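Take a look at the structure set out below.
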Amino acid sequence: MRLDAGAGCPKFVGRVIRGVNGNASSPFWMQERLRRAGIRPISAVVDVTNYVMLELGQPMHAYDLRTLNGAVVVRHAKAGERLKLLDGRTIDLTPDVLVIADERTLLGMAGVMGGEDSGISAATTDVFLEVAYFDPDAVAGRGRRYGLITDASQRFERGVDPELQERASERATQLLIECAGGQAGPLQVTRSGTARPREPIRLRHDRVQRVLGTEIPEEAVADCLTRLGIRLSVPQPQATSAAVLWDVVPPSWRFDLRIEEDLIEEVARQYGYDNIPEIPAAAQETIAPVTEERVRNDRAADVLVDRGYQEAITYAFTDAAAQAELC
């Protein structure tokens, strides 16, 4: 396996499973769960990949090993390349589209749909199971350009846990052997070293209280976040600062947590909206007295408006000095 897509595919997990019964059917309970999710059962191999995608949220694809030639490569498409998809359509690819290929031909459109030539059939005996992480920016919009909206593309566009691939591969291997037999080979993990680092998010205790409008103890804030699998640490300069700060590192599956306000929202949800008191906004301004003349003028204006009149204040009725200040 080789990764030539840069940040588009920083991680690729593959495994060969030999001696599979390609004609086997998945168990009834699996077929029923797939049907309820709107997915048509096809065969044990394909059904297992779809089921694990629903179970863990990690899309994957199975290839007929006998159709592969040499190393499996993730790269950008070359100008003029064409791919025949599993649905029978042939599309012309552009260089900004990620593809999975071997040394001779294209195997599929990465994160969207596999190719027909390497698909699983009733004659399949050896399977290459692909479980990869594709960056959302590398997949977003590519499938829709060709009228393809698949379960895999929707998940990759929204983001997939970058640490889930090994677990998903092991789960799929377990189910596949149970449903279709076979002997699993070693798990092969290839990393490109271009994954986006997760920078810590600075969270301020006083900011939490200011946004939520109530006092929440430091211990409660920390507890709300740690219950979600979020790691908190106190930065070193904290010793000389009166403000309470945390450096927050979200878990790999919470890629939606990017800024301080995202964390504050999680604190509010975990703390409980019902526990946040409703405090009306207090204004510090005083009410200025209104003269009787102003009251009469306002009443006269209201009467005229009620009768269908419209008020227009032209420059002739305004004070020149006041206009100069406004301009």
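The values are calculated or read from the model by the stated rules, or taken from the named source; none is laboratory data. Values in this document were obtained by computation on a predicted structure and should not be read as measured data. Methodologically, a virtual Cβ is constructed for each residue, glycine included, from the backbone with ideal geometry; neighbour enumeration extends over all protein chains shown.
Structural remarks
- Residues located in the range 144-175, provided they are farther than 25 Å from Ile91 by Cα, crowded, with 17+ Cβ neighbours inside 10 Å, out of contact with any helix residue (DSSP H, G or I) (no Cβ under 6 Å at 6 or more places or on another chain) and among the charged types (D, E, K, R): Asp161
- Scanning the range 49-62 for residues that are in a strand (DSSP E or B) and modelled with pLDDT of 85 or more turns up at least one hit.
- Residues that are in contact with a Gly (Cβ under 9 Å, 6 or more places away or on another chain), closer than 25 Å to Val160 by Cα, part of a strand (DSSP E or B) and charged (D, E, K, R) do occur in the range 10-30, at least one of them.
- Arg15 falls short of the stated requirement of being surrounded by fewer than 20 Cβ atoms within 10 Å (Cβ to Cβ) and of a type in the set (Lys, Arg).
- Subset of the range 25-67 [farther than 22 Å from Gly108 by Cβ and crowded, with 17+ Cβ neighbours inside 10 Å]: Met30, Gln31, Arg33
- For the range 26-36, the condition holds for no residue, the condition being that it is touching a strand residue (DSSP E or B) at 6+ places or on another chain (Cβ under 9 Å) and over 21 Å from Leu85 (Cα atoms).
- Some residue of the range 186-197 being under 16 Å from Trp246 (Cα atoms) and not acidic (Asp, Glu): no
- Boolean, Gly22 is in contact with an Asp or Glu (Cβ under 9 Å, 6 or more places away or on another chain), modelled with pLDDT under 90, of a type in the set (Gly, Ala, Ser) and closer than 20 Å to Gly119 by Cβ: yes
- Once the range 63-81 is narrowed to residues that are assigned to a strand (DSSP E or B) and of a type outside the set (Val, Ile, Thr), the residue that is farthest from the chain's Cα centre (by Cα) is Asp64.
- Subset tally (residues that are touching a His at 6+ places or on another chain (Cβ under 9 Å) and surrounded by fewer than 23 Cβ atoms within 10 Å (Cβ to Cβ)) for the range 100-112: 0
- Selected residue (only one of Gly141, Gly213, Gly181 is at pLDDT below 90, touching a Gly at 6+ places or on another chain (Cβ under 9 Å) and surrounded by fewer than 17 Cβ atoms within 10 Å (Cβ to Cβ)): Gly181
- Of all residues in the range 1-34, those satisfying the criterion of being farther than 20 Å from Ala180 by Cα and either without any contact (Cβ under 8 Å) to a residue 12 or more places away in the chain or not hydrophobic (A, V, I, L, M, F, W, C) (or both) are Arg2, Asp4, Gly6, Gly8, Pro10, Lys11.
- The set of residues from the range 182-222 being in contact with a helix residue (DSSP H, G or I) (Cβ under 8 Å, 6 or more places away or on another chain), free of Cβ contacts under 8 Å to residues at least 40 places away in the same chain and assigned to a helix (DSSP H, G or I) comprises just one member, Glu218.
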